[in-house]
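This report refers to the structure that appears directly beneath it.
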Amino acid sequence: MIFKVIKKEELKHLFDVLAAENRVVGPVEAGRDSNGRPIYAFDQVSDFNNICLDYTTTKISAKRYFLPYQEDLAGFRIDGKDWHKKINYNIESPYIFFGLHACDINALNKLDKVLLGSVYPMPYYAAKRKNMFIIGLDCIPQPYCFCRSMGADTALHGFDMFLTDMGGQYFAEILSDTAFNFLKNIKTAEPAYADRMRYIKIIAEKKRKFTVRVDTTDLANILDMEFQSDVWKQWGEKCLACGTCSQVCPTCYCYGVEETVNINFHEAKKTKMLYSCNLIDFAQVAGGHNFRLKRDARLKYRYYHKHRGFVEAYEESLCVGCGRCGEACLAEITVPAVISSVRGEES
Amino acid sequence: MADLKPVRTYLGMPLYRPKTAFFELSSCEGCQLQLLNNEASLLDFLSLLDIVNFREAMTEKSDEFEIAFIEGSVTRSDEVERLKEIRKTANTLVAFGSCACFGGVNQMKNRLGSEWVKKEVYGDHPVESGFARPLEDIVTVDLKIFGCPIKKKEVEKIIINIALGKAVVHPVYPVCMECKANENICLFDLGEPCLGPITRGGCDSWCPNSRFGCWGCRGPADDANIDQLREIMKKHGFSEETLRDRLECFGGFSKYTEAFRKNPEKKKEGK
Ligand code: SF4
Ligand code: SF4
Ligand code: SF4
Ligand code: SF4
Ligand code: SF4
């Protein structure tokens with residue numbers, strides 16, 4: 001790892017260099033809520049001034065850029081007696097992410113394990129994930145953030161460069177050659193002793209700012225034991241079976257595939273659509289039998305996949321603690337509340 | 001029975017062009033117009049069906065048909081008779097649009113007192129008009145196409161599946177699923193009510209895309225948790241009336257709203 005300090009005004013130059021030939025995605029203000037608070041979203045940006053580097057958490061993760069909600073996977077077209085197949089990984093040029101928080105970088109690392117590291121890697125994901133250029137950015141823990149409990153409050157890999165705000169300048173961790181080469185375009189300096197000490201202090205301060213935590217001690221076992229617990233029924237009664245939690249989550253990757261024939265009957269295609277284990281037909285099979293007809297069973301399995309099944313397979317949870325699902329859930333079903341109820345803790 | 005002639009093939013499989021009739025009962029005919037809207041695919045669409053009766057598009061009529069698309073709710077005794085006649089002929093009877101599926105906007109008058117409504121709508125020239133009822137109150141309905149108005153794209157897909165002999169399926173999840181995929185700001189965050197969490201999807205979150213809350217025109221999703229939405233509306237400061245107005249607008253939630261009326265203050269409905 002190489003460390004540098006970058007004056008704040010230099011960052012705009014870096015953006016301009018990157019944006020000149022690439023598609024840059026960053027946090028922007030999408031609107032204001034009824035209390036006047038900004039609502040952030042990831043969007044393509046062409047003007048540095050539109051990026052909100054002091055953003056809290058975007059309502060929705062950046063996943064439409066690597067796991068689109070809907071994506072045509074393959075198709076064919078009949079031309080007389082001939083036919084052509086069409087397979088498109090749906091990426092023309094790589095994305096540059098300008099300002100991903102640690103939780104979202106860790107989410108990509110987790111997805112990599114499933115979608116790149118398994119026996120059948122997913123080419124649609126790989127095509128977008130490979131060559132992605134990521135500038136990470138430090139953040140201030142919000143009342144719903146529990147990434148620290150999930151070990152996702154710092155990113156150790158999966159980015160090209162990570163910036164920490166130190167007032168007038170950024171402390172930069174440089175991980176890739178690409179980042180190193182891009183930085184030749186702007187003024188940087190070696191961090192002095194005082195800069196390094198300042199950085200250490202800022203990191204330590206951040207750790208003290210978390211207000212919510214999830215006790216993950218022995219969690220996979222506890223979930224195993226409490227499979228029949230009544231708390232699932234209570235949460236199931238609240239759940240709207242709306243799928244919002246999965247849609248906003250940076251690590252939910254489940255999907256369904258639909259085949260459609262064009263109205264001219266010369267073309268057909270397979271389309272993938274992100275789905276959620278909380279939707280009523282998630283576990284419905286051919287013949288109509290549904291293994292999880294009840295809301296509490298489905299909601300439970302969302303937690304079992306994230307905090308038990310994935311842990312057994314990869315020795316880590318499939319949740320980075322970004323808090324988005326709880327924030328977006330109108331029924332106020334949050335990960336910390338659900339886990340603590342399963343553990344029998346007072347809430 | 002209509003004589004079905006294969007017209008085209010798809011992957012060597014013959015496609016059938018069923019004789020199809022469109023009828024309207026009490027409605028605005030907006031759903032039928034919606035069908036004619038998308039000019040780019042109109043010819044393709046019409047070529048899939050052998051349309052024998054379509055008042056919005058042609059004048060000659062025929063009494064021979066396989067599929068009957070019926071728009072509108074039933075409000076008069078002559079409509080009841082007509083509907084029964086259509087049912088006798090049709091192999092497949094399709095409730096086309098929310099009026100036919102649930103009574104639609106028309107059924108709001110069922111709660112307002114018919115004399116007052118008649119006076120407001122028809123002035124000094126009243127016509128016979130009773131309660132607005134969905135088709136399935138009178139006859140068996142084979143297929144429902146939801147929406148006020150219906151979505152042309154969705155109807156096209158359904159017709160394609162009929163031509164291919166594939167099963168017709170509707171989304172079972174609520175509007176929120178599509179709304180999130182469209183990355184809309186949630187209306188509750190903007191201080192507005194929305195029925196998206198309990199309403200059947202398939203409209204691609206049409207209303208929230210334009211920052212209007214959903215009014216539930218497609219009726220309940222398969223696992224709609226209406227009691228919970230009631231709690232949510234309350235927490236967000238909306239009155240019981242606000243929720244009821246929306247639930248009652250298209251008639252899709254009539255089963256629940258009747259229970260609401262009976263227990264206005266009770267927190268949870270008994271299961
Ligand atoms: S947990 Fe919340 S967001 Fe997820 S499906 Fe249930 S109600 Fe929707
Ligand atoms: S489950 Fe919730 S808190 Fe965990 S990563 Fe997904 S959205 Fe974030
Ligand atoms: S099973 Fe559920 S929790 Fe797991 S990735 Fe799929 S949608 Fe997300
Ligand atoms: S605006 Fe309505 S449909 Fe969209 S997420 Fe919010 S409640 Fe659901
Ligand atoms: S958002 Fe609701 S009211 Fe609007 S079209 Fe969709 S189902 Fe109908």
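The values are calculated or read from the model by the stated rules, or taken from the named source; none is laboratory data. The structure displayed is predicted, hence computed values, not measured ones. Cβ coordinates were reconstructed from backbone atoms using ideal geometry, including for glycine residues, and neighbour counts include every protein chain displayed. Areas reflect the complete protein model, heavy atoms only, side chains present, ligands, DNA and RNA absent. Shrake-Rupley method; radii C 1.70, N 1.55, O 1.52, S 1.80 Å.
How about segment B:178-237: which of its residues are free of Cβ contacts under 8 Å to residues at least 24 places away in the same chain and hydroxyl-bearing (Ser, Thr, Tyr)?
Matches in segment B:178-237: B:210 only.
Condition first: at the interface with chain A (Cβ under 8 Å from one of its Cβ atoms) and assigned to a loop (DSSP other than H, G, I, E, B). Can you find one or more residues in segment B:134-155 that meet it?
Keep residues of segment B:134-155 that are at the interface with chain A (Cβ under 8 Å from one of its Cβ atoms), which gives none.
The answer is no, given that none of the residues of segment B:134-155 is at the interface with chain A (Cβ under 8 Å from one of its Cβ atoms) and assigned to a loop (DSSP other than H, G, I, E, B).
Within segment B:167-201, can you find the residues that are within 16 Å of ligand 2 (Cβ to nearest atom) and of a type in the set (Asp, Glu)?
Scanning segment B:167-201 gives a single hit, B:183.
Out of the residues in segment A:256-271 that are free of Cβ contacts under 8 Å to residues at least 60 places away in the same chain and open to solvent by 50 Å² or more (accessible area, probe 1.4 Å), which is farthest from ligand 4 (Cβ to nearest atom)?
Top of the filtered list is A:262.
Please indicate, with yes or no, whether at least one residue in segment A:198-214 is modelled with pLDDT of 95 or more, more than 14 Å from ligand 2 (Cβ to nearest atom), out of contact with any strand residue (DSSP E or B) (no Cβ under 6 Å at 6 or more places or on another chain) and under 26 Å from residue B:185 (Cβ atoms).
Looking through segment A:198-214, at least one residue is modelled with pLDDT of 95 or more, more than 14 Å from ligand 2 (Cβ to nearest atom), out of contact with any strand residue (DSSP E or B) (no Cβ under 6 Å at 6 or more places or on another chain) and under 26 Å from residue B:185 (Cβ atoms).
Restricting to segment B:149-190, name every residue that is away from ligand 1 (no atom under 16 Å from the Cβ), among the β-branched types (Val, Ile, Thr) and open to solvent by less than 20 Å² (accessible area, probe 1.4 Å).
B:150, B:155, B:158, B:159, B:160
Tell me, which helices (runs of 4 or more DSSP H) wholly within segment A:296-347 include 3 or more residues that are within 11 Å of ligand 1 (Cβ to nearest atom) and open to solvent by 10 Å² or more (accessible area, probe 1.4 Å)?
Values: elements: A:310-314, A:324-328, A:335-342.
Fully inside segment A:296-347 and qualifying: A:324-328.
Scanning segment A:26-36 for residues that are assigned to a strand (DSSP E or B) and within 14 Å of chain B (Cβ to nearest Cβ), which turns out least open to solvent (accessible area, probe 1.4 Å)?
Only one residue fits best here, namely A:27.
Consider residue A:249 carefully, then state whether it is under 24 Å from residue A:106 (Cβ atoms) and within 16 Å of ligand 4 (Cβ to nearest atom). Step through it out loud before you land on a result.
Numbers: under 24 Å from residue A:106 (Cβ atoms): yes; within 16 Å of ligand 4 (Cβ to nearest atom): yes.
Taking the combined requirement at face value, the residue satisfies it.
Checking the condition of a type in the set (Asp, Glu) and on the phi > 0 side of the Ramachandran plot, which residue from B:178, B:192, B:241, B:183 passes?
B:183
Scanning for something over 18 Å from the mean Cα position of the chain (by Cα), more than 29 Å from residue A:116 (Cα to Cα), assigned to a loop (DSSP other than H, G, I, E, B) and away from chain B (no Cβ under 14 Å), does segment A:37-50 turn up at least one residue?
The first filter runs over segment A:37-50 and keeps only residues over 18 Å from the mean Cα position of the chain (by Cα), leaving A:37-38, A:45-50.
Right, trim to more than 29 Å from residue A:116 (Cα to Cα) and you get A:37-38, A:46-50.
Checking the rest, the ones that are also assigned to a loop (DSSP other than H, G, I, E, B) come to A:37, A:46-47.
If we keep only those that are away from chain B (no Cβ under 14 Å) too, we end up with A:46-47.
Among the residues of segment A:37-50, at least one is over 18 Å from the mean Cα position of the chain (by Cα), more than 29 Å from residue A:116 (Cα to Cα), assigned to a loop (DSSP other than H, G, I, E, B) and away from chain B (no Cβ under 14 Å), which makes the answer yes.
Is segment A:264-272 home to any residue that is in contact with a helix residue (DSSP H, G or I) (Cβ under 8 Å, 6 or more places away or on another chain) and at pLDDT 95 or above?
Within segment A:264-272, one or more residues are in contact with a helix residue (DSSP H, G or I) (Cβ under 8 Å, 6 or more places away or on another chain) and at pLDDT 95 or above.
Out of the residues in segment A:272-294 meeting the condition of being open to solvent by less than 20 Å² (accessible area, probe 1.4 Å) and closer than 18 Å to residue A:90 by Cβ, tell me which one is farthest from the other protein chains (Cβ to nearest Cβ).
A:272
Can you list the helices (runs of 4 or more DSSP H) found entirely within segment B:13-109 that contain at least 1 residues being among the acidic types (Asp, Glu) and buried (at least 19 other Cβ atoms within 10 Å of the Cβ)?
B:77-89
Could we say that residue A:226 is within 25 Å of residue B:233 (Cβ to Cβ), away from ligand 3 (no atom under 15 Å from the Cβ) and buried (at least 16 other Cβ atoms within 10 Å of the Cβ) here?
no
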